[in-house]
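One structure is given below, encoded as structure tokens.
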Amino acid sequence: MPETPTTAVPALPSLAAQADRLVDLGVHRLAGVSAAELRSFAETAAQARTEPAGGGTLLAVHPDRVPASALAPLLRRDDKPGFVVVDMTDVDRFAPHSAALPDSPFYVLDGLDRGDDMANWSPEEALPALTAADRAPLVLTEGIHWVLQQPEVLDRNHCFMTIGSRLRKDNGALDARTPAIWISNGTGRDGRERRNAPKVGWCWWGNRHTWLGFASTTGRSHPAAPAS
């Protein structure tokens with residue numbers, strides 16, 4: 001299967017710096033907690049880590065507290081805010097599916113990978129490969145948190161899907177769409193003014209895209225609970 005060469009992904013800032021970033025963006029208020037609570041969690045999580053994780057550790061707010069629709073506009077690229085595509089009005093119904101999230105307002109993820117080596121794979125092909133490698137696909141809000149903390153992780157021709165989020169329809173079947181984060185070309189309904197802006201959209205479960213990898217993690221954890 002064709003592969004796109006992997007490019008270097010910058011390491012994440014410290015957990016303390018990530019907490020400050022979320023506070024500056026007002027994410028703590030969206031989550032209904034104080035800035036002190038968020039910073040205290042980041043400090044506790046940092047102290048619980050016995051050694052630095054490769055590439056750093058990502059601080060995330062549970063999607064039940066702050067959904068994707070609230071996080072996406074906080075993204076920035078070329079001074080342009082992020083957005084959700086107009087035909088994804090149900091974005092917040094894409095819930096964790098192939099991912100077990102800690103039962104906590106905040107948690108951390110280790111060993112993040114953008115999945116460049118899986119570019120031009122379909123989600124249907126990528127999920128079992130990630131599972132076999134003991135990796136879990138990111139959910140959409142985690143992907144947005146990653147870009148919020150490290151905007152350079154979203155690079156032209158090296159963007160990613162977040163197939164840990166799926167939408168279950170009223171009849172119980174899974175929707176064929178899978179969420180992804182990439183950079184708008186400013187075409188079609190995006191509008192020219194959004195060219196180069198971060199974009200939350202979707203792709204079909206069985207389709208391949210040369211410029212989309214599959215973001216994943218080696219594990220999620222909360223300082224008071226075992227890793228999942």
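The values are calculated or read from the model by the stated rules, or taken from the named source; none is laboratory data. The shown structure was predicted, so the numbers you read here are calculated from the model rather than taken from an experiment. Here the Cβ is made from the backbone with ideal geometry for all residues, glycine too, and neighbour counts use every protein chain on show.
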Which count do you get for residues in the stretch 6-48 that are in contact with a Phe, Trp or Tyr (Cβ under 9 Å, 6 or more places away or on another chain), in a helix (DSSP H, G or I) and surrounded by 17 or more Cβ atoms within 10 Å (Cβ to Cβ)?
7
For ARG65, which of the numbered conditions (1) more than 30 Å from GLY206 (Cα to Cα); (2) in a loop (DSSP other than H, G, I, E, B); (3) touching a residue at least 60 places away in the same chain (Cβ under 8 Å) fails to hold?
(3)
In the list ASP90, ASP78, ASP117, which residue meets the criterion of being in contact (Cβ under 8 Å) with a residue 40 or more places away in the chain, under 24 Å from GLN18 (Cα atoms) and charged (D, E, K, R)?
ASP78
For the stretch 172-184, what are the residues that are at pLDDT 95 or above, surrounded by fewer than 22 Cβ atoms within 10 Å (Cβ to Cβ) and either more than 21 Å from VAL139 (Cα to Cα) or not aliphatic (A, V, I, L, M) (or both)?
ASP175, ARG177, TRP182
Name the residue that is farthest from PRO67 (Cα to Cα), counting only residues in the stretch 96-129 that are outside any loop (DSSP other than H, G, I, E, B) and of a type in the set (Gly, Ala, Ser).
ALA129
Filter the stretch 148-168 for residues that are touching a strand residue (DSSP E or B) at 6+ places or on another chain (Cβ under 6 Å) and β-branched (Val, Ile, Thr); the one that is farthest from GLY56 (Cα to Cα) is ILE163
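Restrict the check to the stretch 81-90 and report whether at least one residue is within 18 Å of ALA215 (Cα to Cα), more than 12 Å from the chain's Cα centre (by Cα) and among the β-branched types (Val, Ile, Thr).
No, the stretch 81-90 has no match at all.
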